[in-house]
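These notes concern the structure reproduced below.
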Amino acid sequence: MSGSSSSAELTARMRTMIDQLSPGDRLPGSRELIRRFKVGPATVARAIAALAAEGLVVTRPGSGTYVAARTRRRDDVADTAWQSVTLADRTVDTRDLAGVAAEGTIRLDGGPPHPSLRPTRVLTAALARAARRPGAWDRAPADGLAALRGVFATMAGGGVGAGDILVTDGGRSALSMVFRAIAGPGDPVLMESPTSAGAIAAARAAGLRPVPVPTDADGLDPGLLADAFAMTRARLLHCRPTYHDPTGAVLAPGRRRQVLDTARAAGAFVIEDDLARLLGHGAPVPPPLLADDRDGTVVHLSSLTAPAAPSLRVGALAARGPVLARLRAARLVDDFLVARPLQEAALDLLDSPAWERHVRSLGAALRERCTTLAAAVVDELPGWTLDRVPAGGLHLWARLPGGADDAVVAGAARHAGVAVGAGSRHFPTEVPGAFLRLGFAAAADHAELAEGVRRLGEVDRALGLSR
């Protein structure tokens with residue numbers, strides 16, 4: 001190249017050079033470029049500036065000029081359309097699950113308890129101590145730490161031993177694992193109607209077919225349950241007998257044995273979803289169905305996540321017999337183990353006297369919040385019906401006036417700055433009426449609960465619901 005060659009010519013030649021290099025490679029220095037291409041310093045400077053503007057090089061003062069990381073050209077966009085054919089209809093539907101609310105929205109749609117209700121200082125101290133323990137960062141046993149399994153076994157009661165426990169990554173993943181381990185795609189699973197929207201989504205994601213079994217004020221109806229087993233030959237029943245989500249009902253004492261006997265006669269397992277056990281409002285909590293189980297019918301799920309903190313993803317499965325071996329095998333395939341530092345922290349937390357104090361104070365706070373929300377609904381929303389004020393859990397279940405559309409009401413409420421849960425997402429199939437699930441744990445305080453219901457009152461009047 002002659003001395004009169006333009007910087008454009010040099011820029012083109014340097015592009016060719018860059019194409020033969022890798023991101024991060026150093027380009028020849030200015031002196032070498034001047035010598036090689038027989039150009040002046042100003043021409044080199046202009047060429048490097050042009051390449052930097054194109055994103056092909058980066059300059060580092062005192063170090064040199066380097067090839068920049070490759071960026072995808074606009075005409076080089078990956079074509080992923082083929083994936084739709086390969087994925088076919090194996091979808092995971094999350095439309096019915098609560099989303100993230102806009103900032104400033106009052107959360108009455110569920111979610112974890114407000115940070116003010118968490119034992120943050122106790123958790124922080126437990127995690128710090130756990131991280132300092134010898135072997136804290138070693139691999140944990142696949143079944144979980146023996147001491148932690150022993151604590152969960154004691155909490156379950158009914159003669160359950162540490163050998164009957166698998167420590168899990170919270171409750172939701174444990175439920176998904178049980179669904180996949182015991183039943184296969186297309187199999188029916190009996191579910192209370194209404195029930196947890198998350199449980200319905202997990203069953204469908206596992207390829208199962210939810211079949212509703214109606215509930216009443218006392219929980220599952222054993223007669224209807226027997227009919228459902230006879231018609232479907234299902235091998236699984238999912239239920240929440242204690243502080244049911246969303247209604248807050250507790251399975252009546254006279255029905256507990258009937259439910260177990262009905263499932264046993266059908267040769268089916270009962271998945272006892274007991275995630276709300278530690279969310280009682282101060283009244284005595286009935287023992288789990290697992291405590292009455294003699295034949296290995298019950299697979300029991302528990303978790304520390306809701307009463308402690310969203311990121312304490314530690315729970316437990318309790319089961320007896322060959323099903324435990326099946327679940328243990330599924331765990332090895334799914335996630336292998338729960339991180340040891342989390343298990344150590346959970347063990348430290350459960351062994352601390354502060355944990356019992358926290359559970360008591362949490363129960364009292366939830367009771368007060370529940371009372372506040374229920375009273376506000378009665379005062380502000382006279383056309384709405386609360387069948388009960390629950391003795392545990394995080395929600396109220398409100399029946400809307402006749403003719404109302406729960407999705408329309410929930411949408412209007414969100415527009416008014418308050419998030420509520422549409423009741424239709426809690427029914428596996430047909431929806432018998434219009435309901436909303438109103439949470440009282442995620443809001444900041446009692447004043448925010450009252451303000452949320454005041455806004456719902458405005459929505460009610462705007463839609464002409466309570467005439």
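Values in this text are rule-based calculations from the coordinates and carry no lab data. Worth saying up front: this structure is predicted, and the values here are computed from it rather than measured. For neighbour counting, all protein chains shown are included, and Cβ atoms are generated from backbone atoms with ideal geometry for every residue, glycine included.
Before moving on, here are some points about what is shown:
- Around the Cα centre of the range 126-280, unit charges on the Cβ atoms of Lys, Arg, Asp and Glu (plus for the first two, minus for the last two) sum to a dipole of about 500 debye.
- Rounded FRET efficiency, nearest 0.05, which uses the C-beta distance separating Arg209 from Ala42 and R0 of 51 Å: 0.10
- Our summary gives the chain a relative contact order of 19 percent, counting only alpha carbon pairs under 8 angstrom and 6 or more residues apart.
- Cα centroid separation, the range 368-392 to the range 426-452 (Å): 10 Å
- Semi-axes of the equivalent ellipsoid for the range 7-67, computed as √(5λ) from the eigenvalues of its C-alpha gyration tensor and ordered from largest down, come to 16, 13, 11 Å.
- Dipole magnitude of the chain, debye to nearest 20 (Cβ charges: Lys/Arg +1, Asp/Glu -1, about Cα centre): 1880 debye
- Exposed loop sites here mean chymotrypsin sites (Phe, Trp or Tyr not before Pro) with a DSSP loop assignment and at most 14 other beta-carbon atoms within 10 Å; the chain contains its longest site-free run at 138-335.
- Segment Ser6..Leu332, full-extension length gain: 110.8 nm, with 0.36 nm per residue of separation and the alpha-carbon distance subtracted.
- Amide hydrogen proximity for Val299: with H placed 1.01 Å from N in the peptide plane, the residues at 5 or more positions away or on another chain lying under 5 Å are Val270, Ile271, Glu272.
- Principal axis box of the range 349-463, alpha-carbon based, largest edge first, Å: 51, 34, 23
- Within the chain, helix-based [θ] at 222 nm, where runs of 4 or more DSSP H residues each add -39,500 (n - 2.57), nearest 500: -13000 deg cm²/dmol
- Rg/Rg_globular for the chain, with Rg_globular taken as 2.2 N^0.38 Å and Rg from C-alpha atoms: 1.31
- Span-rule helices in the chain, defined as complete DSSP H runs reaching 30 Å or more along the axis (Cα) with Kyte mean at least -0.5: 353-380
- Cα centroid separation, the range 237-283 to the range 96-175 (Å): 21 Å
- With the Kirkwood sum run over all distinct C-alpha pairs, the range 273-430 has a hydrodynamic radius of 19.0 Å.
- Prolate/oblate/rounded label for the range 99-200 (Cα gyration tensor, a/c 1.5): oblate
- Note on the chain: dipole from Cβ charges, positive end direction compared against Leu275, Ala156, Ala146; the farthest Cα belongs to Ala146.
- The range 118-352: C-alpha pair distances exceeding 34 Å, %: 13 percent
- Given charges at Cβ of Lys, Arg, Asp, Glu: the chain dipole, positive-most of Pro284, Phe427, Ile106: Ile106
- Shown here for the range 362-467: GluC sites (Glu not before Pro) in loop regions (DSSP other than H, G, I, E, B) with at most 14 other Cβ atoms within 10 Å, namely Glu430.
- Positive-end extreme of charge dipole, the chain - chosen from Leu166, Pro253, Gly296 (charges on Cβ): Leu166
- The loop-placed trypsin sites (Lys or Arg not before Pro) in the range 1-67, going by DSSP, include none that has at most 11 neighbouring Cβ atoms within 10 Å of its Cβ.
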